[in-house]
Amino acid sequence: MPMLGIKVPLREGEKVRRKLLELGVLATDYKIKKDGKFLIFPVKSPVKGFEVVESEFEPVKKRPSSYREVVEVPNELRTLLPSSFDIIGDIAIIELPVELVSYGGNIGEAILEVHKGIKAVFMKGSKVSGTFRVRELLHLAGEERTETIHRENHIKLKLDVARVYYTPRLATERMRVFEKAKEGEIIFDMFAGVGPYAVLLAKKAGLVFACDINPWAVKYLEENKKLNKVENVIPILGDVRKVAGQIKADRVIMNLPKFAHEFLREAILSTKSGGVIHYYGFSHEENLFEVHEENIKRVAEKLGRSVEVIDERVVRPYAPYQYNVAIDFRVF
Ligand SMILES: C[S@@+](CC[C@H](N)C(=O)[O-])C[C@H]1O[C@@H](n2cnc3c(N)ncnc32)[C@H](O)[C@@H]1O
């Protein structure tokens with residue numbers, strides 16, 4: 001259908017385009033047309049002082065903003081399409097309901113089409129489990145590669161999403177801990193993974209001891225030390241029970257929410273009097289903090305120490321009615 005257009009010599013194009021935008025009359029859903037030595041701008045209404053013409057304009061193709069706009073799945077399943085997925089470096093990891101699993105390939109391709117920075121798509125094949133806290137991943141589309149470099153809190157983290165635990169969903173929490181840390185502290189990251197806390201905190205700390213039992217996590221931690229040019233991180237490969245107590249830290253991080261309660265003795269033994277422990281746990285919504293607090297106090301008492309809770313917060317939902325919580329407490 002013909003529309004109104006404004007015809008101007010080519011050399012005046014940019015000036016006029018800005019003017020029309022400023023006046024709010026440029027029809028931005030349509031493409032500007034070239035006609036010999038002239039440009040024709042699609043407009044919503046005539047503008048005084050310009051030559052007005054009637055013309056046909058091609059609509060601008062809008063880039064879809066979600067894979068859900070382009071994916072091919074039966075209509076009755078569309079409402080089941082997840083509205084979000086994790087992005088780690090250039091890898092996407094999506095959780096699919098069972099009804100959509102057989103359309104995983106289409107979903108993967110649609111994600112690659114819409115998100116140009118993503119090069120590989122995987123589906124969660126299991127829950128996080130075992131000592132290493134990793135999950136099974138099933139390849140959906142793109143490169144069959146699980147190693148990537150992720151950027152968070154101005155640091156780079158090289159990791160293999162199939163071999164180590166890592167979630168981008170804790171970036172804000174890690175920054176919160178960084179802000180609480182003081183210059184020059186000795187920090188003990190008991191369950192360090194590839195180093196998202198350790199490498200970040202090294203920017204402020206005097207020394208960071210970073211332990212993990214997963215050899216892949218420690219391999220990447222070593223690489224991430226170099227990648228971020230931090231020399232004050234000491235990676236320790238093995239069971240944290242073997243080193244706890246030998247380290248006396250100003251700040252201890254216990255990011256193993258599923259089992260942290262089993263390591264409270266080790267954490268408290270590794271904390272100087274007046275030092276702080278960042279404890280993470282999972283809780284039912286009906287008892288978010290008390291259950292952990294009781295445990296913490298009981299273990300401290302047994303060791304002849306006392307504790308003072310300084311902050312408690314919900315970090316993120318974890319499962320229906322379950323939350324990942326954080327408790328910061330001082331040990332005396
Ligand atoms: C939930 S992940 C946290 C990793 C990292 N802090 C992060 O934020 O990404 C817990 C880590 O603890 C490690 N882990 C589990 N049991 C351990 C133990 N007994 N001693 C040392 N590390 C252990 C696992 O291998 C895993 O990398």
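Of the residues that make up segment 210-218, is at least one away from the ligand (no atom under 14 Å from the Cβ) and either outside any helix (DSSP H, G or I) or open to solvent by 10 Å² or more (accessible area, probe 1.4 Å) (or both)?
Going residue by residue through segment 210-218, those that are away from the ligand (no atom under 14 Å from the Cβ) are none.
No; the residues of segment 210-218 include none that is away from the ligand (no atom under 14 Å from the Cβ) and either outside any helix (DSSP H, G or I) or open to solvent by 10 Å² or more (accessible area, probe 1.4 Å) (or both).
Consider segment 102-126 and keep the residues that are open to solvent by less than 60 Å² (accessible area, probe 1.4 Å) and assigned to a helix (DSSP H, G or I). The one that is nearest to SER65 (Cα to Cα) is VAL114.
Within segment 162-179, the set of residues being open to solvent by 10 Å² or more (accessible area, probe 1.4 Å), in a loop (DSSP other than H, G, I, E, B) and among the aliphatic types (A, V, I, L, M) comprises just one member, ALA162.
So how many residues does segment 185-197 have that are more than 8 Å from the ligand (Cβ to nearest atom) and over 15 Å from GLY274 (Cα atoms)? Full working, then the answer.
As a first pass, look at segment 185-197 and keep what is more than 8 Å from the ligand (Cβ to nearest atom): 185-188.
Now narrow it down to the ones that are over 15 Å from GLY274 (Cα atoms): none.
Total meeting the criteria: 0.
Among the residues of segment 18-62, which ones are basic (Lys, Arg) and assigned to a strand (DSSP E or B)? Listed by number, the residues that qualify are LYS33, LYS34.
VAL71 passes every criterion in (1) under 22 Å from VAL164 (Cβ atoms); (2) surrounded by 13 or more Cβ atoms within 10 Å (Cβ to Cβ) apart from (1).
Selection over segment 115-162 of residues that are among the small types (Gly, Ala, Ser) and away from the ligand (no atom under 16 Å from the Cβ) gives a count of 5. Of the residues making up segment 225-241, those that are within 17 Å of PHE132 (Cβ to Cβ) and part of a helix (DSSP H, G or I) are VAL240, ARG241.
Checked against the criterion of being closer than 30 Å to SER306 by Cβ, open to solvent by 10 Å² or more (accessible area, probe 1.4 Å), at pLDDT below 95 and within 10 Å of the ligand (Cβ to nearest atom), segment 245-254 contains not a single residue that satisfies it. Residues that are at pLDDT below 95 and not in a strand (DSSP E or B) occur at least once in segment 269-286.
The values are calculated or read from the model by the stated rules, or taken from the named source; none is laboratory data. Since this is a predicted model, take the numbers as computed values, not measurements. Don't worry about glycine lacking a Cβ; one is built from the backbone with ideal geometry, like all the others, and counts go over all protein chains shown. Surface accessibility is based on the protein's heavy atoms, side chains included, excluding ligands, DNA and RNA. Shrake-Rupley method; radii C 1.70, N 1.55, O 1.52, S 1.80 Å.
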